[in-house]
Amino acid sequence: MTEVIITLPMEGRMEKPIEKTLDKNVDKAVDNAVDSRITKIMTKITLHEKASLCSGKSFWFLQDIERLGVPSIMVADGPHGLRKQDLSEADQVGLKKSIPATCFPTAVTMASTWDESLIKEVGVALGEECQKEDVSVLLGPGSNIKRSPLCGRNFEYFSEDPYVSGKMATAWIEGVQSQGVGVSMKHFAANNQEENRMIIDAFVDERALREIYLPAFEMAVKKAQPWTVMCSYNKLNGTYASENSYLLTDILKEQWGHTGLVMTDWGANNHRPDGVRAGLEIEMPGNGGINDRVVVEAVKSGELLEADLDKAVIKVLELIFKATDQKKLEPICDMDKHHELAHKVAAEGTVLLKNEGGILPLNTNQKIGLIGGFAEAIRYQGAGSSMINPTKIERPITRGQSIFGDNLSYAKGYDVDTDKVDESLMLEAESVAREAEVVVVMVGLTDDFESEGFDRKHLNMPDNHIALIERVSAINEHVVVLLCNGSPIEMPWIDSVKGVLEMYLGGQAGGAAIWDVLTGVVNPSGKLAETFPSNINDCSATTNFPMGPHYVNYKESIYVGYRYYETAGVDVLFPFGYGLSYTTFAYSDIELDRTVMNDDEILTVTCKIKNTGSVFGKEVVQLYVKDVETSIFRSALELKGFAKVALEPDEEKVVTFNLDKRSFAYYNVSLKDWVVETGEFQIMIGASIKDIRLSEGVTVNT
């Protein structure tokens, strides 16, 4: 046995505020110089100039003040690639042509890798591209929870679970900011739907807010200190996020110790003076000076204290100088390497959902029928403000032909621009299916079915995609379905096919990466970071999603995603954490370093993982905690740790988890703190939430 210990420290004692810490990449002397410059500027700056700094200069630029030596810096959309608009074609809403950049897989695919180090590499690459293009702040990552699989923007968010979301967001942020580029973690907070997102009032109880919707932000703020946090459009419990002092000041700044600034989503400002008082520093985009004058008048009338405005101005100046001081004169940016990294992430994030009879991996000598319009025009990213202009596109049909040559036949099967069945295309597909040994059908969701700006009405694929599977599987029993979609779908056809691969939205190299998985060059190791329900009516939020037009009630409270399905005993199509492999893994020898602990101690948990198959593979080891003796309502299981372990055949490794108070705690609304009930907890380790392999008890005393 190889003793490789993987230590996974948990969130730490996060209930206490932390002291302001400097970004570790910023030299102390530079920080002192920044402080010195700001002190001088604040002695000379006028009231009108102060107000101007707290609004954008234009759509993508912060305000400069030439006479005081304050430069303008640029921000740009992310989060799965740099969407820097071609300024020669600038438009009012910022959605026209952007410069070529690496289009990485979207957040849903990144989360499916369960690989923090890999996602940090993506962040580094994004930071390098920002440096190359003189972009100082990248708008991302999207860290909202997937309350319902119907949310149209779920492809841009990591998970239904706050722990996974927090880990992925932290890694992404650390990678980007290691390159001297800031991020804007978004959308803070409770932006969990697209319908009426600019006016909706989200009513969320305090426990759900603290246990589900805020922890991903909390973890990233405390571990990675994002230079900026972007507030959402919506109201939260009656107050717009842009002027919610409880959210922006009490929680973000004081309890969590955020040292950066808060900016609005584009157009999310409501009343600027109220925003300044609440802890909002920058309104984006520029407003032509309209709200600057409102701020000035508010100060003159006494409605807004100038001292509050000064706090905001200082934060803006800190951001500007931090960015300009870390601008690299000769940035290194290897776009070919970035493409290969995008390729790797796409392969690592692919989830094998079904592999009946070992139909996969494919043999390159087999006669393959490739069917589906996505094989030519693959859907590789979501629709909306995050759309990237990729440096290149790998088409599945091109890579498939290079591997299988004359052994690969292709039929379109459907038109990607409609959901209507085309009988002539179906007949061509049936002809190809009759001659193939194995049929690979590429289907999923089009931009018309999911996008930023609207929510889905159901979990169905387009009618012509469903019909294609039904028609082909009726002719050939050896069918593998390859899914290109940004969120869960229903699969009424699953019993008629032998293989299902979920590649989600795989970025610009996804069309090539999928063949690595199909042919076994890469052993699939992705796991679902969200539950696939059997039916949308099984989801706890469905009866209260999206509601509107003015409010939405989160009546399901903490029971989101697997927390609901597991607690209520609801069967699902595919559970949280699920994913198959071309090899097998054995779990053994769970050990706790104590059976009784105090809530101020650390519990160390170890287990062994062995590759018992014949090929190299990676396993995502997941640790869940169950409160056995709870007297309050809690979910049946909660994820509190995970590790992705790489193993050669017959290789065995030790995985170590460290659990602290927060791993056992719930948020006590009366005490306004994280509390652990004295009693027994079960430590459960497995390959998914439905595949628990090891379990051991511990008593926690408080």
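The values are calculated or read from the model by the stated rules, or taken from the named source; none is laboratory data. These figures come from a predicted structure and were not determined experimentally. Every residue, glycine as well, gets a Cβ built from its backbone with ideal geometry; the counts of neighbours run over all protein chains shown. We work out accessible area using only protein heavy atoms, side chains counted, and drop any ligands, DNA or RNA first. Shrake-Rupley method; radii C 1.70, N 1.55, O 1.52, S 1.80 Å.
The table below gives the values:
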{"read-out": "Accessible area of segment 147-253 belonging to carbon and sulfur atoms, whole % at 1.4 Å probe", "value": "49"}
{"read-out": "GluC sites (Glu not before Pro) within segment 274-324: DSSP coil, no more than 14 neighbouring Cβ in 10 Å", "value": "Glu303"}
{"read-out": "Cleavage-rule hits (GluC sites (Glu not before Pro)) in segment 443-526: DSSP loop, at most 15 neighbouring Cβ within 10 angstrom", "value": "Glu477"}
{"read-out": "Nitroxide proxy distance, nm - points 7 Å out along Cα→Cβ at Asn287 and Ala474", "value": "6.0"}
{"read-out": "Segment 589-646: chymotrypsin sites (Phe, Trp or Tyr not before Pro) falling in loop per DSSP and having at most 11 other Cβ within 10 Å", "value": "Phe633"}
{"read-out": "Which listed pairs, of Lys608/Lys640; Lys337/Lys653; Lys120/Lys337; Lys84/Lys344; Lys97/Lys186; Lys132/Lys253, have C-alpha distances above 26 Å, in listed order", "value": "Lys337/Lys653; Lys132/Lys253"}
{"read-out": "Gap separating the Cα centres of segment 663-702 and segment 438-477, nearest whole Å", "value": "40"}
{"read-out": "Antiparallel bridges, percent of DSSP beta bridges restricted to the chain (to nearest 5)", "value": "55"}
{"read-out": "Alpha-carbon centroids, segment 630-652 and segment 377-406: separation in whole Å", "value": "34"}
{"read-out": "The chain: calculated mean residue ellipticity at 222 nm from DSSP helix runs of at least 4, using -39500 (n - 2.57)", "value": "-8000 deg cm²/dmol"}
{"read-out": "Accessible solvent surface per residue of segment 90-242, calculated while the other protein chains remain in place, 1.4 angstrom probe, Å²", "value": "19"}
{"read-out": "Convex hull (Cα only) mean projected area of segment 405-450, reported in nm² to one decimal", "value": "3.8"}
{"read-out": "Å² of accessible area per residue within segment 277-343, as computed with a 1.4 Å probe and no ligands counted", "value": "48"}
{"read-out": "Rg to Rh quotient for segment 337-400, alpha carbon positions, Kirkwood Rh", "value": "1.00"}
{"read-out": "Share of carbon and sulfur in the accessible heavy-atom surface of segment 403-510 [1.4 Å probe, %]", "value": "43"}
{"read-out": "DSSP bridge pairs, segment 201-354: antiparallel proportion in percent, nearest 5", "value": "20"}
{"read-out": "Evaluated at q = 0.07, 0.09, 0.10 Å⁻¹: base-10 log I(q)/I(0), Debye formula over Cα of the chain", "value": "-0.47, -0.78, -0.96"}
{"read-out": "Burial ranking of peptide ranges 359-369, 430-440, 593-603, 521-531 (average Cβ count within 10 Å, highest at the top)", "value": "521-531, 430-440, 359-369, 593-603"}
{"read-out": "Heavy-atom surface of segment 465-509, accessible at 1.4 Å and reported per residue (Å²)", "value": "23"}
{"read-out": "Inter-centroid distance (Cα atoms) of segment 252-292 relative to segment 199-235, Å", "value": "15"}
{"read-out": "Projected label distance in nm at Lys420 and Asp650, using a 7 Å step from Cα toward the beta-carbon", "value": "6.2"}
{"read-out": "DSSP bridge orientation in segment 392-514 - percent antiparallel, rounded to nearest 5", "value": "10"}
{"read-out": "Surface share of carbon and sulfur [accessible, 1.4 angstrom probe, percent] for segment 552-666", "value": "46"}
{"read-out": "Cα-based helix-to-principal-axis angle, 28-44 vs the chain, degrees rounded to 10", "value": "50"}
{"read-out": "Packing-based ranking, highest mean first, of 339-349, 114-124 given that Cβ atoms within 10 Å are counted", "value": "339-349, 114-124"}
